[in-house]
1. Among the residues of region A:33-46, is there at least one that is in contact with a Pro (Cβ under 9 Å, 6 or more places away or on another chain) and either facing chain B (nearest Cβ under 10 Å) or among the acidic types (Asp, Glu) (or both)?
2. Considering only region A:492-569, give the helices (runs of 4 or more DSSP H) lying wholly within it that have at least 3 residues that are in contact (Cβ under 8 Å) with a residue 60 or more places away in the chain.
3. Looking at (1) in contact (Cβ under 8 Å) with a residue 40 or more places away in the chain; (2) assigned to a loop (DSSP other than H, G, I, E, B), find the lone condition where residue A:230 falls short.
4. From B:21, B:106, B:12, which residue is within 12 Å of chain A (Cβ to nearest Cβ) and free of Cβ contacts under 8 Å to residues at least 12 places away in the same chain?
5. Taking the criterion of being without any contact (Cβ under 8 Å) to a residue 60 or more places away in the chain and part of a helix (DSSP H, G or I), would at least one residue in region B:168-185 satisfy it?
6. Does region B:44-100 hold any residues that are surrounded by fewer than 17 Cβ atoms within 10 Å (Cβ to Cβ), charged (D, E, K, R) and not in a helix (DSSP H, G or I), and which are they?
7. Residue pairs, Cβ under 7 Å, 6 or more apart or interchain, first in region A:180-195 and of a type in the set (Lys, Arg), second surrounded by fewer than 13 Cβ atoms within 10 Å (Cβ to Cβ). List them.
8. All but one of (1) touching a His at 6+ places or on another chain (Cβ under 8 Å); (2) part of a helix (DSSP H, G or I) hold for residue A:64; state the number of the condition that does not hold.
Amino acid sequence: MKLNNCKQDVEVILNKVKKPITYTGNEVNSVHKKPDENMIRFALAFPDIYEVGMSHLGLKILYGLLNQQDDIWAERTFAPWKDMEELMVENGIPLFTLESTEPVRNYDFLGFSLQYEMSYTNLVNMLALGHIPLESRDRTLDDPFVIAGGPGAMNPEPLADFIDLFIIGEAEEVLLELMDVYREWKKNPTSREDFLKMAAGLEGIYVPSFYTVDYNGNGTIKSFRPNTSYAKPVVKKRFVEDLDEIYYPKDYVVSYTQTVHDRLSYEIMRGCPHGCRFCQAGQIYRPVRFKDQKRIKKDLKKLIANTGYEEISLASLSSGDHPKIESLITDLVETYEPVKIGVTLPSLRIDALSIDMLGEMKKVHKGGITLAPEAGTQRLRDVINKNVKEEDLIETVSHAFEEGWGRIKLYFMVGLPTETDEDVLGIKSVAEHVVDAFYDTDKKLRNKNVQVVVSTSCFVPKPFTPFQWTGQLTTDEFKRRQNLLKESIKNRKIKYNWHDPSLSFLEAVFARGDRRLGKVLKRAWELGCRFDSWSDSFEPELWKQAFEESGVNPDFYALRQRDFDEILPWDFIDIGISKDFLRLEYEKALIENTSVNCKLGCENCGMLREVKSKKNLCYDKSPYTI
Amino acid sequence: MIKVRIQFSRNDSLKFLSHLDQQRLFGRALRRAKLPLAFSQGFHPHPIISFANAMSVGMTSSCEYVDVGLDLEDPSEISGETIKKRLKKSLPKGIKILGVEVLPKDTRSLTRLIESADYRVRCIGLHVSDFTQFCENLKNYESKDSVVIKKRNKKGVEVEKEIRNCFDTISAQKDGLDVLFNIRVLPESGSLISPELIIKNFLNSINYYDKGLVLEIHREKLSLKEIHDQPHNGSQKTAQVDDGVELLSHEVQE
């Protein structure tokens with residue numbers, strides 16, 4: 001039974017919500033097709049509000065990629081804000097897509113983007129609002145296939161009950177293959193299981209129901225293995241080999257309302273050569289791949305013409321590491337400065353920031369500068385393999401001050417492995433030295449005022465990092481260290497912001513959790529948890545209740561130091577980097593030993609074995625080798 | 001720099017735009033149209049765009065004006081028709097260009113030119129037992145010398161405000177289950193008050209107001225004090241209001 005289109009019902013309630021424009025769709029470059037019976041209807045779902053989801057680059061790429069296919073119509077759906085949710089429930093309106101206001105339950109696929117763990121209650125809520133059975137095993141042929149991908153899928157286990165299949169790795173590499181399999185199955189759609197079996201044959205597809213997990217008496221995993229011959233014992237991550245050859249959209253949907261990143265983000269490289277030991281993205285997006293300068297310029301020309309954005313952001317994990325970054329920026333500024341289109345980098349590594357780049361960027365844009373030393377002392381920066389020195393930082397900010405910038409944001413983490421009080425107080429010293437650097441700058445050149453904003457997040461151990469075995473600090477200990485820092489900062493030019501440790505605790509539970517967390521997640525959703533990543537929506541007490549009622553101890557996942565021989569919930573995924581390498585990196589961390597980045601040499605993480613093409617991949621095969 | 005005056009309508013599909021959203025939309029549409037935009041000076045240069053009057057969220061209109069600065073020396077360098085053609089392609093379907101006029105140098109800014117604004121306000125499902133009496137009441141309201149409303153100022157303090165000089169005529173008619181008001185609002189130091197305030201005040205005065213009442217506000221016409229008699233290169237001068245009304249029933253095409 002199909003549900004009715006909800007266009008008219010939606011129109012009635014929109015007058016009553018705070019931001020109706022985020023539910024109406026019809027933006028410039030949104031795709032509208034005439035559906036027929038054979039068309040594959042794909043709802044791309046982002047488990048957060050419109051303004052957040054529309055800032056996400058991956059969604060734009062997949063939207064374009066799928067809609068390029070004549071027989072596929074990809075549409076968007078986001079988590080409705082609380083006022084909208086209330087009205088939808090009250091009026092019996094199911095979750096719908098923006099383009100056609102069709103209920104998502106009528107679709108062939110509902111595909112979630114998993115960007116952060118704290119969006120998982122929204123995902124469950126969207127299923128419920130969509131009138132789709134929450135758990136995979138209860139779904140019928142009337143329901144869509146609920147699939148998910150993104151960095152969160154690198155440990156898919158906490159969502160195993162809810163998701164029919166996961167895409168492991170870069171979805172643009174797999175999605176069209178999956179659509180081929182679906183077209184085949186749709187000719188004779190026997191059972192959901194049949195499709196999942198066919199899909200499981202593809203590299204990079206994980207179907208959680210095809211695996212059985214047994215546990216030891218102490219709660220750790222005893223065995224994790226397929227329960228059908230269709231499932232692979234090890235699921236390999238998929239990745240794009242050559243960024244110059246892959247599809248990239250020629251336009252983006254241009255929102256009417258202001259989104260979080262309301263600018264033209266363009267991906268110039270993928271992966272990061274640095275190997276910081278706390279960073280999951282740095283490991284899972286290996287190998288490092290670059291886009292050619294010509295391709296970048298060509299794509300941007302079309303994107304600018306089709307969107308009309310007034311700012312370009314050259315996005316990636318570490319854009320300063322693009323081998324042609326300086327000439328690229330000079331070139332782009334030359335092209336776009338006359339029409340007042342700014343060119344920015346979203347994140348900068350301290351060592352990669354050159355005077356020229358600062359000067360060029362300042363021509364059209366003069367916001368603040370954000371730098372991430374991550375730790376307050378050299379000792380701790382060595383532990384985490386953040387290979388920057390305080391001198392580098394001071395040199396960089398001094399240049400920035402000379403160029404007239406006055407606002408510097410510094411990101412740090414509290415609770416990193418081996419951290420002492422001395423390391424915590426080191427954060428204060430770094431910030432003070434930055435302020436000093438401002439006053440050491442020539443008065444004629446520098447800005448009138450200086451502000452240094454120090455932000456600390458709480459360290460969360462993540463899968464597929466050298467710290468994946470580490471226990472997290474308790475919330476009380478986090479609070480003690482935050483207070484220590486807060487009270488030590490006396491300089492009025494320094495502002496201190498910190499994260500709520502109880503949220504980071506929950507993040508740590510789900511980051512390294514297993515499928516037994518499914519019932520906790522469901523219970524938390526039942527109790528009303530939504531938008532956990534929004535500090536004013538986060539309800540730690542309700543979560544506590546959900547854990548208690550489900551008989552699950554969250555400390556087991558977040559705080560416990562894990563043994564090297566323990567089977568980790570994500571061990572069945574092969575991201576190309578060996579577990580031995582991660583362990584070695586962890587051991588090096590404990591003795592404050594650093595590793596070199598991919599530009600300087602190969603540390604044999606294992607990724608090189610995976611690389612087939614000769615171009616652009618891993619530095620020692622790359623034309624960009626330094 | 002020269003200025004061009006664009007007259008446009010906004011239909012139902014874009015009624016939820018805020019004033020800022022609409023500014024952004026025009027800024028990007030003008031860029032997509034590859035017009036030679038003029039920019040403000042300073043660290044954050046932005047195109048020079050000014051609307052005659054802000055449209056509130058939920059409002060539709062048959063007649064709006066926006067002035068845009070172009071980086072050209074002389075008005076003869078571009079025609080209204082060229083601008084209209086290019087903008088038509090780059091604007092979303094809910095906004096329709098009714099006319100473009102390239103302005104002579106020294107034209108006064110738009111907000112100072114507003115003479116009056118005509119609104120049609122639909123009160124959805126407003127139940128009126130005796131409509132003749134209702135109209136009589138409205139006549140009395142219209143003929144009052146003083147109408148004072150209570151309003152919160154920016155600091156959140158409730159203040160009294162005399163609004164009789166903010167509107168001219170007001171009338172009502174029945175339309176199916178709804179009541180339609182026609183109201184002419186007059187500017188006070190360049191700004192227009194929302195017709196919603198006036199209508200709610202009237203309904204309140206005869207005990208007809210209910211919190212759940214939904215109003216649909218449509219601006220029929222913005223009258224400007226002086227529109228130049230010599231439009232450039234055949235560009236349209238006045239609003240084709242009929243055109244705009246037709247547009248309102250026009251669904252957004254897929």
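The values are calculated or read from the model by the stated rules, or taken from the named source; none is laboratory data. Quantities reported herein were computed from a predicted structural model and do not represent experimental measurements. Glycine also receives a Cβ, built like all others from the backbone with ideal geometry; neighbour counts cover every protein chain displayed.
1. no
2. Because the criterion is at least 3 residues that are in contact (Cβ under 8 Å) with a residue 60 or more places away in the chain, the helices (runs of 4 or more DSSP H) in region A:492-569 that meet it are A:501-511, A:518-526.
3. Status for residue A:230: all satisfied but (1).
4. Working: B:106 fails: within 12 Å of chain A (Cβ to nearest Cβ); B:12 fails: free of Cβ contacts under 8 Å to residues at least 12 places away in the same chain.
Just a single option satisfies the conditions, and that option is B:21.
5. So far as region B:168-185 goes, no, none of its residues is without any contact (Cβ under 8 Å) to a residue 60 or more places away in the chain and part of a helix (DSSP H, G or I).
6. The answer is B:71, B:73, B:74, B:93.
7. If the second residue must be surrounded by fewer than 13 Cβ atoms within 10 Å (Cβ to Cβ), the pairs left are A:192/A:141.
8. All conditions are met except number (1).
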